[in-house]
Amino acid sequence: MASLTITQASCADDYDPNSMPVDKARAFIHQFLDPVTATVRVPIRTALGRVLAEDVISPVDVPSHRNSAMDGWAMRFADLEPGAETTLQEIGASFAGKPFAGPVGPGQCVRIMTGGVVPEGADTVVMQERAIAAGRAITFSGGNKQGQNVREAGEDLEAGSIALRRGRMVRPAELGLIASLGIGEVAVYRRLRVAFFSTGDELKAVGTTLGAGEIYDSNRYTLHGMLTRLGCEVLDMGVVRDDPRALEAAFREAAAAADVVITSGGVSVGEADFVKGMMEKLGEVVFWKIAMKPGRPLAYGKIGPAHFFGLPGNPVSVMVTFYQFAREALLRLMGADPVEPVPTFTAKCTAKLKKMPGRTEFQRGILTRADDGSLAVRPTGEQGSGILKSMSDANCFIILGDRVGNVEPGASVEVQLLEGVV
Ligand code: AMP
Ligand code: MG
């Protein structure tokens, strides 16, 4: 990582805080992400959802022995007639976990099941669908290849080779793979601590009664959910009033306790000025108007060693900016490497979409399979940035890039799935 400061980077010629393209904001943030380094050794089940801090080296060959990929018979390839049937004598059986003791000689074969050790002398397996058994005399069809249906020891992974690289997020497949090597513990990075709070005088906690003009604080719940699913250690700091002293104290406390501070609200025009003033004292923070909808205002910076994401207040904007900026950044900070962007693909849009060129829109969509098997997507309905139901009803974002204008029914649009994103 360069020793570039946020202030230096934000003085670049093409840097415009009032119209920041989504990609540029992402790339800007990327320059400052320094992953956690502390590691901890954990039993493999505990590693689920965490990031490997060391390569996992296979202590064994996988598979550990030459074995059959099919149910059938094992024999010497040299004994099979190239273009005609061959009858061989069955001398025993090799089942998974119960190998045949002894070699297979000329004119002989051994009954073998999937996973069974291929006996010494044998080099080929003929699957049972290509054989006819009459007692111990087994007749095989012609047209075989040497080595067919035989999995060599170490074919998947050789002893001493890297099974999984440092930086890999452990999912159920990795748990199984690590277990298959006989390894019971792995080194993972310590969990990323993320402190978050909501800002706003109008916000009330769930379980209290609303007064005039008040609303329930929902952002702390969506953030709790997204951060938890991402695998972060969460520190919920509640609601902080729009009061400079209370905010300053909250920022200081959060930055001292966590690797990352995430807030919602307080970065829109008007409110930003007052947070801006405070940030000049506390750290180095840039305030952007991103060329996107929803989620226009966004702040990013450092408060001491802690990274700061100032997300907008609108409930949908919080989720969209989290998915589009915070997710990738947090994964990098967690030590994940490489971090792939969430893939996008195209689908046919079945409705008309209103869209202004010059900004990226993340409309909430419902992706389905049409009768002809193709993918079809439609918007969830009202797309206001306060309508959380549009996120709840959606299973994808319809991403309409900067240059895209109105979309007519039947046009192809870019789609990004929400499920499994965090
Ligand atoms: P702000 O960015 O603070 O101007 O907030 C924008 C809009 O989002 C306002 O209508 C706020 O009332 C609403 N809002 C802000 N924070 C929250 C929250 N934690 N939960 C629900 N709505 C919020
Ligand atoms: Mg506010």
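Here are a few things to note about the model shown:
- Residue in the range 102-109 that is farther than 15 Å from R76 by Cβ and either touching a residue at least 12 places away in the same chain (Cβ under 8 Å) or in contact with a Lys or Arg (Cβ under 8 Å, 6 or more places away or on another chain) (or both) present: no
- Of the numbered criteria (1) touching a helix residue (DSSP H, G or I) at 6+ places or on another chain (Cβ under 9 Å); (2) in contact (Cβ under 8 Å) with a residue 12 or more places away in the chain, the one P343 fails is (1).
- The lone exception for L177 - which of (1) under 30 Å from V42 (Cα atoms); (2) assigned to a loop (DSSP other than H, G, I, E, B) it fails: (2)
- Residues being closer than 21 Å to P341 by Cα and open to solvent by 40 Å² or more (accessible area, probe 1.4 Å) - total across the range 376-403: 3
- Pairs with Cβ under 6 Å, 6+ apart, first in the range 209-228 and of a type in the set (A, V, I, L, M, F, W, C), second away from ligand 2 (no atom under 13 Å from the Cβ) and at pLDDT below 95: M226/V422
- Qualifying residues in the range 26-73 (those that are in contact with a helix residue (DSSP H, G or I) (Cβ under 8 Å, 6 or more places away or on another chain), open to solvent by 40 Å² or more (accessible area, probe 1.4 Å) and part of a loop (DSSP other than H, G, I, E, B)) - the one farthest from S94 (Cα to Cα): Q31
- Screening the range 172-205 for residues that are within 30 Å of M237 (Cβ to Cβ) and surrounded by fewer than 20 Cβ atoms within 10 Å (Cβ to Cβ) and picking the one that is farthest from ligand 2 (Cβ to nearest atom) gives R190.
- Of all residues in the range 216-243, exactly one satisfies the criterion of being away from ligand 1 (no atom under 15 Å from the Cβ), in a helix (DSSP H, G or I) and touching a helix residue (DSSP H, G or I) at 6+ places or on another chain (Cβ under 9 Å), namely L230.
- Of the set (1) in contact (Cβ under 8 Å) with a residue 12 or more places away in the chain; (2) farther than 22 Å from K281 by Cβ; (3) more than 9 Å from ligand 1 (Cβ to nearest atom), all apply to L247 but (2).
- Exclusive hit being among the basic types (K, R), surrounded by 17 or more Cβ atoms within 10 Å (Cβ to Cβ) and within 16 Å of ligand 2 (Cβ to nearest atom), set R220, R241: R220
- Looking only at the range 333-350, and only at residues there that are in a loop (DSSP other than H, G, I, E, B) and under 30 Å from N406 (Cα atoms), the one that is least open to solvent (accessible area, probe 1.4 Å): V342
- Strands (runs of 3 or more DSSP E) contained entirely in the range 256-332, each with at least 3 residues that are away from ligand 2 (no atom under 13 Å from the Cβ) and open to solvent by less than 10 Å² (accessible area, probe 1.4 Å): 260-264, 297-303, 306-311
Residue by residue, here is whether (1) away from ligand 2 (no atom under 16 Å from the Cβ); (2) at pLDDT 95 or above; (3) closer than 20 Å to V22 by Cα holds:
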site: P343; (1), (2), (3): yes, no, yes
site: G365; (1), (2), (3): yes, yes, yes
site: R369; (1), (2), (3): yes, yes, no
site: A376; (1), (2), (3): yes, yes, no
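- In the range 84-119, the qualifying residues are those that are assigned to a loop (DSSP other than H, G, I, E, B) and in contact with a Pro (Cβ under 6 Å, 6 or more places away or on another chain), and the one that is farthest from A153 (Cα to Cα) is V104.
The values are calculated or read from the model by the stated rules, or taken from the named source; none is laboratory data. Keep in mind that what you see is a predicted model, and the values were worked out from it rather than measured. So basically every Cβ, Gly included, is an ideal-geometry build from the backbone, and we count neighbours across all protein chains shown. The protein model used for the area step is the full one, side chains on, heavy atoms only, and it has no ligands, DNA or RNA in it. Shrake-Rupley method; radii C 1.70, N 1.55, O 1.52, S 1.80 Å.
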